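To start, the structure itself, in structure tokens.
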Amino acid sequence: MLYDSLLELPLFQGMSRNDLDEVVSKTKFGFVKYATGKHVVREDEPCTHLYFLMSGTLTATAHADDHSYSLDEELRAPDLLQPEHIFGLHQRFTHTFTTATPCSLMRIDKAEVLRLAQSYEIFRLNLLNIVCTQSQKLMRHPWRPQPPTIRQKVTAFVETHSLRPTGRKKLHIKMETLARLIGESRLNLSRELNAMHSENLIVLSRSTISFPALERLRG
């Protein structure tokens, strides 16, 4: 059972059966279950463990530094919660992760992560690939062409603030704030958002824009 679950997780993919058997027998895994509406980790909490979402759905919430807006997004199992923050300059979570459904998670502390990385080349390469891929994507952001339309600007704004480029998102923001951040007038932004609402691409409510599936805006 655990063997099959590990194969679904990116850090263990490609490992041999013998290596996985050894990992299962020698690694100190922690297993936790949460009911709906419980915090798994909070924003700015020290990242001392790797958390693997094994089943269920989480809501990941992040705030602007000045708390003028925030973004909620849905993460579905299997997933890995911010592995890039277990090492490096800022070893704290940047999001609060809350259970949207009952969830099961597996966690491994930093000492075990280091041991696995030292002992198994595949694990080490998978971890490096995850961190390097994210770094390379972030480095390309300033070089992308600026979106020409309001709709594309809104899509790009949400995408660059998201952990994942697809799925359900909810942006809590005032219209004036979003207009300023994307360099458009409040009136023109309001017209475009209402058009998107009419096309069932978003759902508008007071200071909230919900995206049922962000990828639909790029279709």
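The values are calculated or read from the model by the stated rules, or taken from the named source; none is laboratory data. Keep in mind it's a predicted model, so treat the numbers as computed, not measured. With ideal geometry, Cβ positions are generated from the backbone for all residues, glycine too; neighbour counts draw on all protein chains shown. Accessible surface areas use protein heavy atoms only, side chains included; no ligands, DNA or RNA. Shrake-Rupley method; radii C 1.70, N 1.55, O 1.52, S 1.80 Å.
Things worth noting here:
- Residues of the range 1-23 that are surrounded by 15 or more Cβ atoms within 10 Å (Cβ to Cβ) and either in contact with a Phe, Trp or Tyr (Cβ under 9 Å, 6 or more places away or on another chain) or in a helix (DSSP H, G or I) (or both): 5, 6, 9, 11, 12, 15, 19, 20, 23.
- Close Cβ contacts (under 7 Å, 6 or more residues apart or on different chains) running from residues in the range 153-177 that are closer than 25 Å to residue 140 by Cβ and touching a residue at least 24 places away in the same chain (Cβ under 8 Å) to residues that are in a helix (DSSP H, G or I) and open to solvent by 70 Å² or more (accessible area, probe 1.4 Å) comprise 155/218; 157/181; 166/215.
- Residues that are out of contact with any helix residue (DSSP H, G or I) (no Cβ under 7 Å at 6 or more places or on another chain) and over 16 Å from residue 163 (Cβ atoms), drawn from the range 137-151: 139, 140, 142, 143, 144, 145, 146, 148, 149
- When each of 151, 191 is tested for being farther than 18 Å from residue 69 by Cα, of a type in the set (D, E, K, R) and open to solvent by less than 60 Å² (accessible area, probe 1.4 Å), the lone residue that passes is 151.
- Residue 192 being over 22 Å from residue 142 (Cβ atoms) and either outside any helix (DSSP H, G or I) or touching a helix residue (DSSP H, G or I) at 6+ places or on another chain (Cβ under 7 Å) (or both): yes
- Looking across the range 26-73, just one residue is surrounded by 18 or more Cβ atoms within 10 Å (Cβ to Cβ), among the small types (Gly, Ala, Ser) and without any contact (Cβ under 8 Å) to a residue 60 or more places away in the chain, and that is 56.
- Counting only residues that are open to solvent by less than 50 Å² (accessible area, probe 1.4 Å) and either part of a helix (DSSP H, G or I) or closer than 26 Å to residue 169 by Cβ (or both), the range 107-129 holds 7 of them.
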